[in-house]
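This report concerns only the one structure given below.
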Amino acid sequence: METAKEQAAQYTLEPATDIPKSNHYYLNMGPQHPSTHGVLRVLLEMDGEYVIKAQPVLGYGHRMHEKMAEHKNWMAFMPNTGRMDYAAALPFNHGYAALFERLCNIEVPERAEYIRVITSELNRLVSHHLWLGAFLLDLGAFTPILYTFDDREQVLDILEDITGSRLTYCYFRVGGVCKDIDDKFVERTRAYIKRQRERFKVYNELVTGNIIFLKRVEGVGIISPEMARRYGATGPVVRGSGIAYDIRKAEPYSVYDRFDFEIPTGTTGDSLDRYLVRLEEMEQSLRIIEQALEQLPDGPYLGKVPKKLKLPTGDANFAVEAARGELSYYLVSGGGDMPYRLKIRVPSYSNLSLLPELAQGMLIADLVAAMGSLDLVIPEIDR
Amino acid sequence: MNVKTDLRAERGYFGELWFGAKSLLIGLKVTLKALFKPIVTVQYPREECDITPNYRGHVELVFNPETGGCDCIVCGMCARACPSDCITVKGEKKEGEKGKTLTLFSLDFTKCSLCGSCVETCPKSALTYSQDYNIAGFTREEFHYDLIERLKRRHQQPLAAAAGGN
Amino acid sequence: MPPELLRMIITAVLVVAFVFLNAMILGYMERKISAHIQRRPGLMEVGPHGVLQLIVDGLKLIGKQLVVPEGSSPFLFRLAPLLSFAPCVLPFVVIPFSRKLQAVSMDVGLIYILAMTSINVVAVLVAGWASNNKYSLFGTFRSVAQAVSYEIPMLLSLLAVIMMTSSFSLEGIIEAQKYYWFILIQPVAFIIYFVSGLAETNRAPFDLPEAESELTAGFHTEYSGMGFSFFFLAEYANMFTVCSIATILFLGGWKGIPLPFYDYSGIIWFLLKVYGLLFVMIWARWTYPRVRFDQLMTFCWKYLIPFSMANLLITAIMVKII
Ligand code: SF4
Ligand code: SF4
């Protein structure tokens with residue numbers, strides 16, 4: 001059995017020098033810890049309550065999704081995509097389906113694209129609800145998670161009615177979606193948008209304006225734009241640092257270029273900015289959904305797709321904006337109906353790799369807050 | 001678009017006290033209001049939610065009232081389409097009937113990923129999703145469903161009623 | 001049997017029984033209030049609206065094994081819960097629940113209570129130290145620092161009242177509030193006292209010693225069964241003590257609209273006020289996030305202590321003038 005110290009030596013990049021070694025001790029945060037949300041383990045070298053070094057240790061939830069993709073045709077792998085990011089499965093579905101469409105030049109009916117956008121944005125809201133509650137839970141407030149779950153439940157009911165499941169969706173298909181939306185869906189979504197707008201007031205009163213909350217997040221975990229770039233951070237993390245990078249605008253896919261929405265950006269890159277960016281993103285998602293429901297065309301929801309999809313030799317890449325940032329699939333095909341290799345670039349992985357640098361010199365309480373503001377989903381990192 | 005920055009204002013000693021006290025009272029107001037609002041949760045298992053008819057539970061054979069059985073022609077498409085290998089279909093040729101008759105349709109629900117491939121590929125639309133979400137058991141074997149058995153059990157009463165009624 | 005001894009035994013039995021009852025009432029209150037704040041029904045299963053749930057929970061806790069972790073110091077580990085529980089029973093002896101409902105009348109009742117409640121810190125220190133767990137140790141460090149610093153504003157705010165009454169006796173202070181409650185002339189002292197009381201009892205938003213998102217459960221991470229429940233009982237008993245001091249010093253104790261048998265029935269007013277304050281404590285816990293450790297200290301040294309000192313000074317001047 002290795003001691004924690006030996007393990008630490010294995011994972012620590014270089015020992016910190018400026019503080020006498022004898023004052024340091026090692027602390028394992030996770031894999032079972034209330035605020036690592038799943039099975040992330042962070043090895044901490046600490047001096048009192050200060051974190052000298054933090055080293056995430058991954059792999060506790062590894063399921064070989066990329067390898068599995070090499071032995072399955074597109075449909076057989078589709079359920080796996082939803083299991084990578086359990087909090088926002090539809091963007092993962094979306095990227096995967098769109099990848100094959102790009103590789104095989106498959107036309108997607110317009111209505112299907114709209115349905116994809118609407119459901120993906122609803123899923124982003126679900127994910128942000130979950131994050132908001134969990135983040136506040138990390139900061140020690142118990143009640144907001146129940147409120148956000150109340151709202152989340154409304155969206156889940158809508159999504160369940162149309163996709164058949166509540167969490168790990170397998171709804172998109174190459175060439176469209178597997179079930180059409182109906183008037184009831186449109187109506188319920190409209191009602192939900194109205195309700196959610198009301199609820200933002202409650203969030204703002206209970207959380208955003210709260211002095212304790214502000215004190216806990218303001219100036220905590222500052223990620224400079226330069227640092228965010230260096231680690232390839234994406235999503236609300238990079239936007240919180242002031243870089244307006246969003247795949248939906250930078251490289252519009254599906255029908256995102258037809259909607260009028262904005263990319264919220266922060267100014268300082270601290271946890272508060274990331275919090276505000278996500279809240280604003282929820283509002284923007286509502287706007288996108290509203291417009292999409294307005295413009296929703298009639299037509300088929302599933303295009304013409306050959307029963308057995310023959311992949312041409314070559315490669316393709318497709319990036320979507322998942323709830324946590326840029327998700328891109330890269331596929332190399334050598335013919336046949338299964339990929340030769342599928343590489344999945346997940347946002348949380350890059351966002352987590354910031355942590356060692358970010359955590360240096362932080363209080364442990366701030367580390368929890370900063371980690372919460374990164375919005376990590378561990379199954380997505382481990383895949 | 002920048003997010004709002006007015007929360008970061010420098011407030012000074014007394015300004016901070018004032019701002020803080022106000023925000024804390026507003027917080028208390030929100031929770032006090034919630035205290036007197038009705039409950040939103042459902043006391044499962046005393047009450048149950050209405051489940052949408054589109055809910056995707058495990059797969060189930062579709063009942064065909066005309067034949068009193070199912071439409072499955074034992075083509076095995078569903079078993080081949082399943083990414084998790086949880087379907088086993090067997091049939092045998094019977095005298096005087098064209099095609100095969102289904103003798104075994106077993107589903108290993110422990111492995112099912114609820115993707116819906118089987119339902120979508122079935123050429124006869126003989127499969128559907130169950131709406132049963134109250135599934136729990138003590139052993140794995142309890143989740144190895146015999147769908148033919150389940151179909152019979154499900155339709156014993158309706159069948160009798162249909163025979164008696166119209 | 002000499003009547004004095006009989007009286008002591010009855011008192012001891014009643015006080016311990018009350019501590020358990022109080023924990024049950026507060027446990028029930030906490031769970032029901034938090035549930036309704038979060039818009040769920042909370043306890044519903046055992047008894048009507050789950051009123052018997054806490055009894056079942058208590059039985060479960062008694063039935064559980066106290067696991068002594070490897071590498072801990074077993075004697076201290078077992079001692080800590082008792083050390084935490086015993087002193088928090090003692091203040092109940094001098095609390096005047098009503099004019100005639102007070103076990104022992106002491107001239108220095110207030111000092112006695114404050115002394116007893118301070119022992120809890122030692123128990124937390126022992127518990128964290130003996131557990132051989134880094135998270136526990138963290139919780140302990142925090143708890144000790146927090147309790148020691150918040151004692152200062154707490155005492156300073158109480159001192160303002162004592163200056164006005166020139167008495168440490170709890171009955172004396174209640175009698176002094178014949179015409180008005182002291183909260184009317186000492187609102188600042190009351191607020192400071194209440195906030196420090198929250199910190200002293202490790203209640204949210206100052207529940208750093210057991211900050212579960214950072215320290216899993218703080219100083220009682222390693223405790224199970226009865227060990228845990230003693231800490232739990234102690235926490236609730238301390239909450240009650242803190243709120244009853246607030247009631248006695250600022251809200252007129254058992255004084256209220258006279259009822260029949262007022263010498264005894266004053267307890268109704270007393271309990272109403274105490275549980276009202278406890279409700280506020282619970283309500284605040286389910287509303288706010290947790291403060292950070294350095295902010296906790298900053299708040300104490302930058303706001304509470306200067307304000308309580310200023311308050312004390314003004315009180316002193318006023319007392320001299322009037
Ligand atoms: S739903 Fe998917 S995994 Fe389940 S039995 Fe059907 S094809 Fe197999
Ligand atoms: S695909 Fe349909 S018809 Fe073919 S074996 Fe399966 S259930 Fe029967």
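Percent of accessible area on the range B:1-106 owned by carbon and sulfur, 1.4 Å probe?
Summing carbon and sulfur atoms, their accessible area is 57 percent of the total for the range B:1-106.
Using all C-alpha to C-alpha distances in the range C:158-239, build P(r) with 10 Å bins and read off the rounded percent in each one.
15, 34, 23, 19, 8, 0
Below 8 Å, C-alpha to C-alpha, sequence gap of six or more: please give me the relative contact order for the range A:87-308 in percent.
Working: 303 pairs, mean separation 63.0, N = 222.
Relative contact order for the range A:87-308 comes out at 28 percent.
Quantify how strongly other chains surround peptide C:297-307 by giving the mean number of their Cβ atoms within 10 Å of each of its Cβ atoms.
Working: counts 0, 1, 3, 0, 0, 3, 4, 0, 0, 1, 1.
The shielding value for this peptide is 1.
For the range A:320-372, build the convex hull from the C-alpha positions and give me its volume per residue in Å³.
On the way: hull volume 4.7 nm³, N = 53.
Output value, Cα hull per residue: 88 Å³.
If you take all C-alpha pairs in chain C, what percent of them are over 28 Å apart?
Numbers: 22004 of 51681 pairs.
Roughly 43 percent, rounded to a whole number.
Just checking the output field for A:265-274: average partner chain Cβ neighbours within 10 Å of each residue's Cβ? All intermediate terms of the calculation are to be shown ahead of the outcome.
On the way: counts 3, 3, 5, 2, 0, 1, 0, 4, 4, 1.
Partner Cβ neighbours, averaged per residue: 2.
How much accessible area is lost when chains B and A come together, counting both sides, with a 1.4 Å probe, in Å² rounded to the nearest 100?
Summing both sides, the interface buries roughly 3100 Å².
Any lysines with Cα under 20 Å of the B:LYS22 Cα? List them, leaving off those in the same chain fewer than 8 positions away.
By straight Cα distance, B:LYS22 reaches A:LYS201, A:LYS215, B:LYS4, B:LYS33, C:LYS302.
Per 10 Å bin from zero, what fraction in whole % of the C-alpha pairs of the range C:64-219 is there, up to the bin with the longest pair?
Histogramming the range C:64-219 at 10 Å steps yields 10, 32, 31, 18, 8, 1 percent.
Measure nothing fancy, just the Cα-based angle from helix A:89-104's long axis to the longest principal axis of chain A, in degrees from 0 to 90, nearest 10.
On a 0 to 90 degree scale, this one is about 50.
Rounded if a/c is under 1.5, else prolate if a/b beats b/c, else oblate: with a ≥ b ≥ c from the C-alpha gyration tensor eigenvalues square-rooted, which is the range A:50-151?
oblate
Going by the alpha-carbon gyration tensor, a ≥ b ≥ c the square roots of its eigenvalues, is the range B:59-160 rounded (a/c under 1.5) or, if a/c is not under 1.5, prolate (a/b greater than b/c) versus oblate?
Judged from the Cα gyration tensor, the range B:59-160 comes out oblate (a/c at least 1.5, b/c at or above a/b).
What is the packing order of peptides C:66-74, A:286-294, taking the mean over residues of other C-beta atoms within 10 Å and listing the highest first?
For the peptides C:66-74, A:286-294, the packing ranking is A:286-294, C:66-74.
The range A:60-122 to the range B:1-49: how many Å between their Cα centroids?
After rounding, the separation between the Cα centres reads 37 Å.
Any idea how many Lys pairs in the range B:59-160 come in under 17 angstrom at the alpha carbon, given 8 or more places apart or on separate chains? Present the calculation step by step, with values, prior to reporting the outcome.
Numbers: B:LYS90/B:LYS98; B:LYS90/B:LYS100; B:LYS90/B:LYS124; B:LYS98/B:LYS124; B:LYS100/B:LYS124.
Lysine pairs, 8 or more places apart or on different chains, close enough: 5.
Once you have the alpha carbon radius of gyration of the range A:87-308, what is it after dividing by 2.2 N^0.38 Å, with N set to its residue count?
With N residues counted in the range A:87-308, Rg over 2.2 N^0.38 Å equals 1.06.
Under a cut-off of 17 Å between alpha-carbon atoms, report the aspartates and glutamates in cross-link reach of A:LYS310, not counting same-chain residues fewer than 8 places apart.
Excluding near neighbours in sequence, the set is A:GLU70, A:GLU101, A:GLU107, A:ASP337.
Where only protein heavy atoms count, and the probe is 1.4 Å, what is the accessible area per residue for chain A in Å²?
35
Starting from the range B:1-106, pick out the chymotrypsin sites (Phe, Trp or Tyr not before Pro) whose DSSP state is loop and whose Cβ has at most 12 other Cβ atoms within 10 Å.
Listed in order of number, the matching sites are B:PHE36.
To the nearest 100 Å², how much accessible surface do chains C and B hide from each other in total, with a 1.4 Å probe?
Interface area, both chains combined: 1800 Å², rounded to the nearest 100.
With an 8 Å Cα cut-off and a minimum separation of 6 or more residues, compute the relative contact order for chain A in percent.
25
Can you list which of the chymotrypsin sites (Phe, Trp or Tyr not before Pro) found in the range C:232-295 are DSSP loop residues with at most 13 other C-beta atoms within 10 Å?
When the chymotrypsin sites (Phe, Trp or Tyr not before Pro) of the range C:232-295 are filtered for loop state and at most 13 Cβ neighbours within 10 Å, C:PHE261 remain.
Summing both sides, how much accessible area is buried between A and C? Use a 1.4 Å probe and give Å² to the nearest 100.
Buried area (both sides, nearest 100 Å²): 2500 Å².
Stick to Cα atoms and the Kirkwood definition of Rh, then tell me Rg/Rh for the protein assembly as shown. Don't skip to the end; give the middle numbers.
Values: Rg = 31.9 Å, Rh = 30.8 Å.
Here the Rg-to-Rh quotient is 1.03.
In percent, how large is the relative contact order of chain B, given Cα pairs closer than 8 Å and 6 or more residues apart? Display every interim value, and only then the final one.
Working: 174 pairs, mean separation 38.9, N = 166.
In percent, rounded to a whole number, it is 23.
For the range C:65-121 and the range A:132-166, write down the distance between their C-alpha centroids in whole Å.
Each part reduced to its Cα centre gives a spacing of 42 Å.
When the accessible area of the range C:29-184 is split by element with a 1.4 Å probe, what percent falls to carbon and sulfur? Walk me through the intermediate numbers first.
Details: 4910 of 7020 Å².
Roughly 70 percent of what the probe reaches on the range C:29-184 is carbon or sulfur.
Peptides B:149-155, B:109-115, C:221-227: what's the order by average Cβ count within 10 Å, highest mean first?
C:221-227, B:109-115, B:149-155
Taking a 19 Å limit on the Cα-Cα distance, which of the listed pairs C:LYS178/C:LYS255; C:LYS255/C:LYS320; A:LYS67/A:LYS308; C:LYS178/C:LYS320 fall beyond it?
C:LYS255/C:LYS320; A:LYS67/A:LYS308; C:LYS178/C:LYS320
Find how many whole Å separate the alpha carbon centroid of the range A:185-244 from the alpha carbon centroid of the range A:317-365.
21
Only protein chains counted, 1.4 angstrom probe. Which residues of the range A:128-151 are at least 40 Å² less accessible in the assembly than when their chain is isolated?
A:GLY140, A:PHE142, A:THR143, A:LEU146, A:TYR147, A:ASP150
Hey, what D do you get for chain A in µm²/s if you plug the Kirkwood alpha-carbon radius into Stokes-Einstein at 20 °C and 1.002 mPa s?
Estimated diffusion coefficient is 99 µm²/s.
Just the accessible area per residue of the range C:173-322, please: how many Å² with a 1.4 Å probe?
Here the per-residue accessible area is 37 Å².
Between the DSSP loop rule and a limit of at most 14 other Cβ atoms within 10 Å, which trypsin sites (Lys or Arg not before Pro) in the range A:32-128 are left?
Within the range A:32-128, the qualifying trypsin sites (Lys or Arg not before Pro) (loop, at most 14 other Cβ atoms within 10 Å) are A:ARG63.
The values are calculated or read from the model by the stated rules, or taken from the named source; none is laboratory data. Here the structure is a predicted model, which is why all the values come from computation and not from measurement. Please note: Cβ atoms are built from the backbone with ideal geometry, for glycine as well, and neighbour counts cover all protein chains shown. Areas reflect the complete protein model, heavy atoms only, side chains present, ligands, DNA and RNA absent. Shrake-Rupley method; radii C 1.70, N 1.55, O 1.52, S 1.80 Å.
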